[in-house]
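Let me begin by presenting the structure, written as structure tokens, before commenting on it.
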Amino acid sequence: MDDGLRFKPFGLTSLLLMVLGWGGLYLLVNRTLPYVWPRWAFFFLVLMALTGTILPVVYFFHRRFPGEKPAEANVIVRQALWFGVYGATLAWLQLGRLVTIYVVLGLGGGLAALEYFTRLREKSHWKPPLPSDDQPS
């Protein structure tokens, strides 16, 4: 089954996000002090690093377990981005010592529900059938 999605664009994007994210985090942690702007950069770089790291995994799961209608590229990138948002939000909450098992599960469940309802909305859009040359007018 070929759904038209190739790994090359995802692989290049993933590699770029991982190099910039993890490399930037390494430089940021080793060469700056935790002032305001480096903290914001930390969360941005965590988002990039986690998104780039999980992107090939999300792509693999969509290739391995396709639904009735295969996922498009924007769905794969969005789902990988949710993982980055999840990790960056947990890192931010950890600064205030607010992370408990209930927060971890609640935030994960909330993001999963948000993605579920987004996918449900995408599937519910009606698309008119395209006229064919074989059908009489």
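The values are calculated or read from the model by the stated rules, or taken from the named source; none is laboratory data. Note that the coordinates shown come from a computational prediction; the quantities given were computed from them, not determined experimentally. Methodologically, a virtual Cβ is constructed for each residue, glycine included, from the backbone with ideal geometry; neighbour enumeration extends over all protein chains shown.
Within the range 116-128, the residues that satisfy the criterion of being at pLDDT 80 or above and surrounded by fewer than 12 Cβ atoms within 10 Å (Cβ to Cβ) are Tyr116, Phe117, Leu120, Arg121, Lys123, Ser124, His125. Taken across the range 49-65, residues that are polar (S, T, N, Q) and in contact with a Lys or Arg (Cβ under 9 Å, 6 or more places away or on another chain) do not occur at all.
The listed residues are Ala71, Ala113, and the only one of them that is in contact with a helix residue (DSSP H, G or I) (Cβ under 7 Å, 6 or more places away or on another chain) and surrounded by 10 or more Cβ atoms within 10 Å (Cβ to Cβ) turns out to be Ala71.
Among the residues of the range 21-73, write down those that are closer than 22 Å to Tyr86 by Cα and of a type in the set (Phe, Trp, Tyr). Passing the criteria: Trp22, Tyr26, Trp37, Trp40, Phe42, Phe43, Phe44, Tyr59, Phe60, Phe61. Put simply, of Lys127, Lys123 the only residue that is among the basic types (Lys, Arg) and part of a helix (DSSP H, G or I) is Lys123. Selection of the range 63-75 for residues being more than 19 Å from Gly108 (Cβ to Cβ) and either assigned to a helix (DSSP H, G or I) or in contact with a Ser or Thr (Cβ under 7 Å, 6 or more places away or on another chain) (or both) yields Arg63, Arg64, Ala73, Asn74.
For (1) out of contact with any helix residue (DSSP H, G or I) (no Cβ under 7 Å at 6 or more places or on another chain); (2) surrounded by 13 or more Cβ atoms within 10 Å (Cβ to Cβ); (3) touching a residue at least 40 places away in the same chain (Cβ under 8 Å); (4) in a helix (DSSP H, G or I), each residue gets a yes or a no:
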position	(1), (2), (3), (4)
Leu17	no, yes, no, yes
Leu25	no, yes, no, yes
Pro34	yes, no, no, no
Ala41	no, yes, no, yes
Tyr59	no, yes, yes, yes
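All of (1) surrounded by 10 or more Cβ atoms within 10 Å (Cβ to Cβ); (2) of a type in the set (D, E, K, R); (3) more than 21 Å from the chain's Cα centre (by Cα) hold for Arg97 with one exception: (1).
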